[in-house]
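See below for the structure under consideration.
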Amino acid sequence: MKRSILFSWLMAMSCGLQAQTQFEIELHNDNKAKVENHPVCIDISSYGKDVKSAKVTVKGVEIPCQLDDMDGDGTYDELFFLTDIEKKSKKTVSISLSDQGAPSAYPPQVYVEMMLTNKKIKESNKQDLYISQLTVDHDVNPYWMIHHHGAAFENDMVGYRIYFDHRQTVDIYGKYRKGLELKETQFYPDKTQKAAGYGDDVLWVGETFGLGTLRGWDGQQPTMIKDVAHRGQRIVARGPLRTVVEVKDEGWKQSAGSTPVDMTTLYMLYAGRRDCRVDVSFSRAVPDLRFATGVINVKNSVEHSDHQGLRGCWGTDWPVSEKDSAGHKRETVGLGICLPQENVSQELPADKNNYPYVVSIPSDHLTYYITFGSDNESFGMHSAKEWFAYLEEWKKSLSLQVDMRLK
């Protein structure tokens, strides 16, 4: 399911916001299947600092939306909302932008947090030094400075976190029931919360790919993102419908003597979807480089691959190292990654750590998707057969195209 964006032609029609600007768009679904929770993103940067609030309606009924400042310059760049479109149909959406008021406070369907570790507070679920971003120099490892080791984000189905170090691993938080939890558990539920049915970390990642982490490739094996001038994490969008977390590696040298390149990765999680979109961009085209990604080879796991960019596994292991397993139970999870087939240079056989791919990026951009499920879920899949069937349907849904036109 592609993310819809209106760019230059909407910019061309605008010459500054006139108190309130209204327009309509049409979403055309020519597919033989219904498109659900379709992400629609409209570039409103041409209006500058004039946009203060927005309203989106379908047949006169208001639906939730959000305004996001993607580049951090204090100006809203994008209007975002989610909607369903029935098969072989079109939907008209009315949009109003205003230079008055503030974004509406719709009920939150997602959550994201990032915080420094407060050593004065012993409890792992009561930390309070919230931040929005942090950038460190090449010789600083912020892994232990940041609570839960990096930004963490969730919707009511799943939770993710991104390690803030040379690994930049994507790790996961599984749930028993639907709901937002991370504000209360901070990725580390206490005994009382566990007894009450809160979720927990469900995957041990170590130095593996975890869930779809992009790394370097030296021709023989994956390489960590070690040699950087600066690395940073930033919360770009907080909801209520999507979270966006930026991971930035400036001046990355894949190997000694290689030409440095800046890499920016955006992790986008939408309400009501268990998958996460990963947008990677570079400061130049990188046809000279190779990369690696995939999913961890969970112990005792079985694999599924269509050999065209879709790969996953279903398995059971401790979610922490075995020496630290007291108070934990073995967790069963399903993992999945979906890469554009044209970017798959090699699908390598499973090794003891990963189900790996070698990736080529002829341009300066790559978009792919990651997903997971926990066997703990009351609402999810509970066998390899169910999980692999979901992966196949998931890939089909990602391929559905929706055409967006200005009415």
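The values are calculated or read from the model by the stated rules, or taken from the named source; none is laboratory data. Just so you know, these numbers come straight off a predicted model, no measurement behind them. Note: ideal-geometry Cβ built from the backbone for every residue, glycine included; neighbour counts use all protein chains shown. To get the accessible areas, we keep the full protein, side chains included, count just its heavy atoms, and leave off ligands, DNA and RNA. Shrake-Rupley method; radii C 1.70, N 1.55, O 1.52, S 1.80 Å.
Averaged per residue, the stretch 296-407 has 47 square angstrom of accessible surface, using a 1.4 angstrom probe with ligands and nucleic acids left out. A crude spin-label estimate for the pair GLU36 and MET224, with each label 7 Å from Cα along the Cβ direction, gives 4.0 nm.
Check cross-link reach from LYS120 to the aspartates and glutamates: straight Cα distance under 14 Å, and skip same-chain residues fewer than eight apart. The reachable aspartates and glutamates, counting only those whose Cα sits under 14 Å from LYS120, are ASP128. Here's how it looks for SER283: its modeled amide H is under 5 Å from those of ASP262, which are all 5 or more places away or on a different chain.
Here the Karplus relation 6.51 cos²θ - 1.76 cosθ + 1.60, evaluated at θ = phi - 60°, turns the backbone of the stretch 259-270 into coupling constants of 6, x, 9, 8, 10, 10, 10, 10, 9, 10, 10, 9 Hz, with x for every Gly and Pro.
In this structure, the amide hydrogen of THR223, modeled 1.01 Å from its nitrogen in the peptide plane, lies closer than 5 angstrom to those of GLY216, TRP217, ASP218, counting only residues at least 5 positions away or on a different chain. The slack between ALA105 and THR75, meaning 0.36 nm per residue of separation minus the straight C-alpha distance, is 9.0 nm. Each Cα pair under 8 Å and six or more residues apart adds its separation to the average, and for the stretch 159-203 the resulting relative contact order is 38 percent. Residue-wise HN-Hα couplings along the stretch 393-407, as the Karplus relation 6.51 cos²θ - 1.76 cosθ + 1.60 with θ = phi - 60° gives them from phi, are 5, 4, 4, 4, 5, 5, 7, 5, 9, 10, 8, 10, 10, 7, 7 Hz; Gly and Pro carry x. Here is the link list: LYS126/LYS194; LYS52/LYS90; LYS253/LYS352. Which ones come out longer than 18 Å on Cα distance? Result: LYS52/LYS90; LYS253/LYS352 exceed 18 Å.
Excluding ligands, DNA and RNA, the accessible surface per residue across the stretch 201-250 is 32 Å² with a 1.4 Å probe. Residue-wise HN-Hα couplings along the stretch 88-97, as the Karplus relation 6.51 cos²θ - 1.76 cosθ + 1.60 with θ = phi - 60° gives them from phi, are 6, 8, 10, 10, 9, 10, 9, 10, 10, 10 Hz; Gly and Pro carry x. By the gyration tensor of its Cα atoms, with a ≥ b ≥ c the square roots of the eigenvalues, what is the shape of the stretch 123-238: rounded for a/c under 1.5, prolate for a/b over b/c, or oblate? Prolate is the answer for the stretch 123-238, as a/c is 1.5 or above and a/b outweighs b/c.
Bridges between two residues of the chain, per DSSP, are antiparallel at a rate of about 95%. Using only alpha-carbon positions in the stretch 268-323, the gyration tensor eigenvalues give semi-axes of 27, 17, 15 Å once each is multiplied by 5 and square-rooted (largest first). Carbon and sulfur: what percent of the stretch 26-79's accessible surface (1.4 Å probe)? Exposed carbon and sulfur together represent 47 percent of the surface. Taking 8 Å as the Cα distance limit and 6 or more residues as the minimum spacing, I'd like the relative contact order of the stretch 184-317 as a percentage. It rounds to 20 percent for the stretch 184-317. Shown is the FRET efficiency for SER383 and ASP190, computed with R0 = 51 Å from the Cβ-Cβ distance and rounded to the nearest 0.05: 0.95. Ordering VAL40, THR83, SER53 by Cα displacement along the dipole of the stretch 32-128 toward the positive end leaves THR83 in first place; charges were set at the Cβ atoms of Lys, Arg (+1) and Asp, Glu (-1).
Distances between placed amide hydrogens fall under 5 Å for LYS52 paired with SER98, ASP99, GLN100, all partners being 5 or more residues away or on another chain. Across the chain, the mean sequence separation of Cα contacts (distance under 8 Å, 6 or more residues apart), normalised by length, yields a relative contact order of 16 percent.
For the cross-link pairs LYS87/LYS395; LYS49/LYS119; LYS55/LYS248, the ones whose C-alpha atoms lie over 29 Å apart are LYS49/LYS119; LYS55/LYS248. Placing R0 at 22 angstrom, the Cβ-Cβ distance between LEU348 and GLU392 gives a FRET efficiency of 0.55 after rounding to 0.05.
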